[in-house]
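Read through the structure below, which is laid out as structure tokens, and then see the notes.
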Amino acid sequence: MPHIVIDKLKDIKYPIKTKKAEFLFKAEDYIGVKTSNAKFLLNIRKYKNGYLVKYDKVTRPIISEIKKAYMDFVELNEAEIIFENIHGIKEKLPDENMLDINDNLSKIDIIEVGFGSGRHLLYLAKKYPDKTILGIEIHKPSIEQVLKRIKNENINNIKIINHDARLILSKIPSNNLHSIYVHFPVPWDKKEHRRVINSDFINESVRTLQKNGFLHLRTDSENYFAYSLKKFLEVNKTHIEIKKNLPYEITSKYEERWIKMGKNIYDIYMYSLEISEEKKENFDFSFDKKLTNLDFNAKIYDNFIIHLEKEKKIDENSSLIRATIGNFNRPEHIYIINTQKPYYFKKPAEIKENYLAHQEIKRLFNG
């Protein structure tokens, strides 16, 4: 983790601007920082014969912005560096093919959930060169492998996101997608709540698919097949096709192994038959007044969680609150500047579960 150790700290009045950064506030051992390309927190701790300065993982920026803040912080405190490990670190710039949940996803045409080695994802990109393919994957080594293949094979119509697919669909406009592929998802036989295919995912798929667009599930699990078919049949109006042990256009290395073992392969195609209404959501993440009577016990609801974790004093009238909010399976760590008119240090992703959590925070802690 890039960090420095300096010999001393001055008594500084915040906020204060420097050459390449603006130091916004001091909340006990945290300092808010803003550079030209980032906004993040520094954590300052007493360390042996000096002070350890490191960035906060929740608000992590790219290395170049960390370096700016570290060097300006040293100069601001008229300090000497006792130790540093930042200059030997090579900058790893964000890949242009990687998207964030806050990015605009309106130009996506096809989605593949859990692309693994990427064999099928790259096949889709070549089959539909005029369409933008979004691969959703939570396994980072798989993402790195596919990003290398995209570059080496000069493919320009694939985007990748490292997130929970069940949340990503909520960011897609209605009637936008040509198709959605879920090939060989983890069956989660003992933890059904973790399955990609569930009622919410199916309903969001129907909403985001164009008329006659389809969701394709391919699985080697008879239990997952039966469970998913039951869920698909809960849709009010749809067309479903089922195939068993019929060859597909391309196979994964695992599928080839399963076929040799004599395992059955099931396909379900669920077609969207109607034009869905446009999704109209206005996620207002503003606060009305200072949060009071804070409770630091985790609160679990049906679709989201709230956990205020700690509070750091800024001055007599304000503080920095660290919290975890949002979807139970993919919560988001956030900071709130709790003053007379509170605000998020960095706004949460604009998804329903985060907004529900925000509304509940206001209800619980606005007196």
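Every number in this text was worked out from the coordinates using simple rules, so none of it is lab data. Every value quoted in this text rests on a predicted model; they were computed, and no experiment measured them. We place every Cβ from the backbone using ideal geometry, glycine too, and count neighbours over all the protein chains shown.
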Determine, for each peptide in 101-107, 329-335, the mean count of other beta carbons within 10 angstrom over its residues, then list the peptides with the highest first. 329-335, 101-107
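Given a Förster radius of 45 Å and the C-beta distance between Ile86 and Asn212 as r, what FRET efficiency does 1/(1 + (r/R0)^6) yield to the nearest 0.05? Don't jump to the answer; show the numbers that get you there.
Numbers: r = 54 Å, r/R0 = 1.19.
With a Förster radius of 45 Å, E is 0.25.
Would you check the stretch 67-136 for Lys pairs whose C-alpha atoms are within less than 23 Å, ignoring same-chain pairs closer than 8 in sequence, and give me the count?
Working: Lys67/Lys90; Lys67/Lys92; Lys68/Lys90; Lys68/Lys92; Lys107/Lys126; Lys107/Lys127; Lys107/Lys131.
So the count works out to 7.
If you take the beta carbon distance between Lys126 and Lys190 as r and set R0 to 30 Å, what does 1/(1 + (r/R0)^6) give as a FRET efficiency, to the nearest 0.05? Please list the in-between numbers first.
Values: r = 38 Å, r/R0 = 1.25.
So the FRET efficiency works out to roughly 0.20.
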Which percent, nearest 5, of DSSP beta bridges in the chain are antiparallel? 75 percent
Derived scalar couplings ³J(HN,Hα) [the stretch 283-290; Karplus, 6.51 cos²θ - 1.76 cosθ + 1.60; whole Hz; x for Gly, Pro]: 8, 8, 9, 8, 10, 8, 7, 4
Run the dipole for the chain about the Cα centre, Lys and Arg Cβ at +1, Asp and Glu Cβ at -1, nothing else charged, and hand back the magnitude in debye, nearest 20. 480 debye
Local electrostatic count, Ile321, Cβ distance below 9 Å [Lys/Arg +1, Asp/Glu -1]: +1
Step through the residues of the stretch 200-213 one at a time and calculate ³J(HN,Hα) from phi using the Karplus curve (6.51 cos²θ - 1.76 cosθ + 1.60, θ = phi - 60°), rounding each to whole Hz and writing x for Gly and Pro. 5, 5, 5, 4, 5, 5, 4, 5, 7, 6, 5, 4, 6, x
A correct Karplus calculation of ³J(HN,Hα) over the stretch 335-349, with 6.51 cos²θ - 1.76 cosθ + 1.60, θ = phi - 60°, whole Hz and x for Gly and Pro, returns 10, 10, 8, 8, 10, 4, 10, x, 7, 7, 4, 9, 4, x, 4
Please sort by residue number the trypsin sites (Lys or Arg not before Pro) in the stretch 23-59 whose DSSP state is loop and whose Cβ has at most 12 other Cβ atoms within 10 Å. Lys48
If you filter the stretch 266-312 for chymotrypsin sites (Phe, Trp or Tyr not before Pro), then keep DSSP loop positions with at most 13 other Cβ within 10 Å, what is left? Phe296, Tyr301
Out of Asn162, Gln210, Tyr248 - ranked by how far each Cα lies towards the positive end of the dipole of the chain, with unit charges on the beta-carbon of charged residues - the top one is Asn162
If one takes the longest principal axis of the Cα atoms in the chain, at what angle in degrees, from 0 to 90 and to the nearest 10, does the Cα axis of helix 140-152 lie? 80 degrees
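Report, in debye and to the nearest 20, how large the dipole of the stretch 299-365 comes out about its Cα centre when Lys and Arg carry +1 and Asp and Glu carry -1 on their Cβ. All intermediate terms of the calculation are to be shown ahead of the outcome.
On the way: 12 positive and 9 negative charges, 17 e Å.
For this selection, approximately 80 debye.
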Projected onto the charge dipole of the chain (+1 at Lys/Arg Cβ, -1 at Asp/Glu Cβ, origin at the Cα centre), which of Val113, Thr59, Tyr181 gives the Cα projection farthest towards the positive end? Thr59
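Given the rule -39500 (n - 2.57) for each run of at least 4 DSSP H residues, summed and divided by the residues of the chain, what is its mean residue ellipticity at 222 nm, to the nearest 500 deg cm²/dmol?
The helix contribution divided over the chain gives -6500 deg cm²/dmol.
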Between Asp295 and Lys346, how many nm apart are label points set 7 Å from Cα along the C-beta direction? 2.9 nm
FRET efficiency estimate (nearest 0.05) - Cβ-Cβ, Asn203 to Asn329, R0 22 angstrom: 0.80
Kindly provide the pair-distance distribution of the chain built from C-alpha pairs, with 10 Å bins from 0 and whole-percent values in order of increasing distance. 5, 20, 26, 23, 16, 9, 2, 0
Between the stretch 326-367 and the stretch 71-108, the alpha-carbon center distance in angstrom: 25 Å
